[in-house]
Amino acid sequence: MDGKPLLISQKGSMIRLILLILIFLISLLTVFRAPAYYLWLLAIGVTEFPMVFMAITGILLIAGIWLHKYQLACNVFGGLALLLLLSPIVRAYVVSATLKQNFVAAFGPGSANVKGDSTKLPFNIFRIFGDQPSGSFKTFVYNTDKDVPLTLDFYKSFTGGKRPCVIVVHGGSWSSGDSRQLPELNAYLATEGYNVAAVNYRMAPKYKTPAPVEDISQVFKYLKSHADELQIDTGNFVLLGRSAGAQIALLSAYTKPEPGLKGVVDFYGPADMVWGYSLPSNPLVMDSRLVMRNYIGGSYEAVPDKFAASSPIEFVNRQTVPTLLIHGDNDVLVSPVHSQKLSARLKANNIKHFCLQLPWATHGFDYNLNGPGGQLSTYVVERFIHTVTK
């Protein structure tokens, strides 16, 4: 009987060590790219909800008061895990320290002051614990010409009078997702005085490019024709897209520059489809070549002109609208090189633009609007919209 508590203590110590080793391995996702699909999903959690993992690690370390065996190993793995889990927060503060001045350098003195600027910091650790924004919307059918009617969700600005409108194009590899994807930013922008239209569009493999871009043209037509009832300032539109939706938003903005369109926001989008096909993503994460073939209608060898025609980078010129690029350096689905290449092309054409690079972030980092990447991206999105529509 006397040996039973000792045996329980030894088993508990072993379980504690295994859990701390596991958390340490998970924490490596804050500095290394995820090697597989489910680890990519985990990387979003680790980098944008780091306090949750830090709390678990802290509890396991405190358990060492009762579970003494393997103490040194537990302290080493737990301490290293805590440092790695803390790194997105530390790096977010580093990026935030110069974010405003870097944006002002890109867009000029007129971008120095935005609504509530004196009280808004690009990143604040205490906001990590805040509630996610939420809001109501109305759904409208904006196009009945197709075999399946297309809808948009409209978030009305909290500010009275006609207000600018942000058109949000969802991601999903051109074949999935919908307008309800990541709605928190839509709700937040509505509280800050902007109308938001989150749209659905025709998707692959049934529909190929440029069908989604044609749908965005129909969105503009609908919103302009209903501007009075929706209280939209038709001289102030901004396109915003994520991932595949960013490619659609960029291509729409660059090839069909709608009157009243003042800028486009690109969240981790593929800007160079030719280059992207030549260097595909890790097949354990996503078969990016198959995704592109389904959307474009064949391989690059079979339809090279279509790949070029669907590459936003090919259509940058001196009349291109101001552009905001946001990308994580640890993105495993869409390489950050896409945004780097597009930034260089915009610079060569003297187009006002800003590229926010987040060293720790992966694809879809803005799932948590209160996380390190979510806070910084929201800050710069709001500043960009204010600057181009004021």
Length gained when the stretch Val94-Asn350 is fully extended (0.36 nm per residue, less Cα-Cα span): 89.4 nm
Roughly speaking, what is the stretch gain from Lys390 to Asp287, that is 0.36 nm per residue apart minus the C-alpha to C-alpha distance, in nm to one decimal? 32.9 nm
With the crude spin-label approximation of a point 7 Å out along Cα→Cβ, what separation in nm comes out for Asn113 versus Ala308? 4.9 nm
Karplus 3J(HN,Hα) series, Hz, for region 315-320 with 6.51 cos²θ - 1.76 cosθ + 1.60 (x for Gly, Pro): 10, 5, 9, 6, 9, 4
Calculate for the chain the 222 nm mean residue ellipticity that helices alone would give, adding -39,500 (n - 2.57) per DSSP H run of length 4 or more and normalising by residue count, nearest 500 deg cm²/dmol. -14500 deg cm²/dmol
Taking a crude spin-label model, label points 7 Å out from Cα along the C-beta direction, the Glu229 to Ala36 distance in nm is 5.2 nm
For a Förster distance of 56 Å, can you work out the FRET efficiency between the beta-carbons of Ser217 and Ile21, rounded to the nearest 0.05? 0.55
Apply the Karplus curve 6.51 cos²θ - 1.76 cosθ + 1.60, θ = phi - 60°, to the phi angles in region 371-380 and return the couplings in whole Hz, x for Gly and Pro. x, x, x, x, 5, 5, 5, 5, 4, 6
Using Cβ contacts closer than 10 Å as the measure, can you line up Leu22, Leu189 from fewest to most? Leu22, Leu189
With label points built 7 Å along Cα→Cβ from the Cα atoms of Arg180 and Asp145, find their separation and express it in nm. 2.8 nm
Efficiency of FRET from Cβ geometry, Arg318 and Lys206, R₀ 25 Å, rounded to 0.05: 0.10
For the chain, modelled as a Gaussian network with Cα springs under 10 Å, which listed residue fluctuates most, Ala105, Ala190, Ala34? Ala105
Whole-Hz couplings from phi, Karplus 6.51/-1.76/1.60, listed for region 145-155; x for Gly and Pro: 7, 8, 5, 10, x, 9, 10, 9, 9, 10, 9
Net lengthening on full extension, Thr159/Lys69 (0.36 nm per residue, minus Cα-Cα): 26.3 nm
When Rg/Rh (Cα atoms, Kirkwood Rh) is calculated directly from the model, which label among (1) 0.95; (2) 1.04; (3) 1.07 fits? (2)
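No lab work stands behind these numbers, since they all come straight from the coordinates. It should be emphasised that the depicted structure is a prediction, and the values quoted were computed from it without experimental measurement. All Cβ positions, even for glycine, are placed from backbone atoms using ideal geometry, and neighbour counts span all protein chains on display.
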